[in-house]
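The values are calculated or read from the model by the stated rules, or taken from the named source; none is laboratory data. Everything quoted here is computed from the prediction, not taken from an experiment. When we count neighbours, we look across all protein chains shown, and the Cβ atoms used for this are built from the backbone with ideal geometry, even at glycine. The area values use the complete protein model at the heavy-atom level, side chains included, leaving out ligands, DNA and RNA. Shrake-Rupley method; radii C 1.70, N 1.55, O 1.52, S 1.80 Å.
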Amino acid sequence: QVQLVESGGGLVQAGGSLRLSCAASGIVFRIYNMAWYRQAPGKTRELVASITSGGGITNYVDSVKGRFTISRDNAKNTVYLQMNDLKPEDTAVYYCKVPGLRPDYWGQGTQVTVSS
């Protein structure tokens, strides 16, 4: 049974930082690329960042480049999203995903709210 458990969200003022975590179980974590998505109210879910299985290659949506950093610890089966200089438009529910798995598995997400 694949499980993805996100944590670390919260309420923060603009300019602040948060570090999200996603603990994965039920998969051989080290062989899969991982990704973070987010969904703001009234909007479709969007890909925010991705990282290859070994952590050597990362990609980001333009709106977060230079502010967010995705990383992973394969010994802990965990992927992280360090978010700095947060903006109100970053407000969303954040989810992690294993892009290579079918069907799609989603965790419960973690709410990030950035106040202006």
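Brief remarks follow.
- Of the residues Thr69, Thr44, the single one that is modelled with pLDDT of 95 or more, out of contact with any Ser or Thr (no Cβ under 9 Å at 6 or more places or on another chain) and β-branched (Val, Ile, Thr) is Thr44.
- Residue list for segment 28-39, restricted to those being in contact (Cβ under 8 Å) with a residue 60 or more places away in the chain and either of a type in the set (Phe, Trp, Tyr) or not in a loop (DSSP other than H, G, I, E, B) (or both): Tyr32, Met34, Ala35, Trp36, Tyr37, Arg38, Gln39
- Among the criteria (1) open to solvent by 10 Å² or more (accessible area, probe 1.4 Å); (2) out of contact with any Pro (no Cβ under 7 Å at 6 or more places or on another chain); (3) of a type outside the set (Lys, Arg), the one Tyr94 does not fulfil is (1).
- Verdict on Thr110 being polar (S, T, N, Q) and touching a Cys at 6+ places or on another chain (Cβ under 9 Å): yes
- Annotation note: Cβ proximity below 7 Å between a residue of segment 61-79 that is closer than 19 Å to Val98 by Cβ and open to solvent by 50 Å² or more (accessible area, probe 1.4 Å) and a residue that is assigned to a helix (DSSP H, G or I) and of a type outside the set (A, V, I, L, M, F, W, C) (sequence gap 6+ or interchain) occurs for Asn74/Arg30.
- Taking each residue of segment 1-27 that is within 22 Å of Leu86 (Cα to Cα) and among the hydroxyl-bearing types (Ser, Thr, Tyr) and looking for partners that are open to solvent by less than 40 Å² (accessible area, probe 1.4 Å) and not in a strand (DSSP E or B) with beta-carbon atoms closer than 9 Å, six or more apart or interchain, yields Ser17/Leu86; Ser21/Gly8.
A quick yes/no check of all residues on (1) under 11 Å from the mean Cα position of the chain (by Cα); (2) open to solvent by less than 50 Å² (accessible area, probe 1.4 Å); (3) more than 16 Å from Asp104 (Cα to Cα):
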position: Gly8; (1), (2), (3): yes, yes, yes
position: Gly16; (1), (2), (3): no, yes, yes
position: Leu20; (1), (2), (3): yes, yes, yes
position: Ser25; (1), (2), (3): no, yes, no
position: Ala35; (1), (2), (3): yes, yes, no
position: Val48; (1), (2), (3): yes, yes, yes
position: Ile51; (1), (2), (3): yes, yes, yes
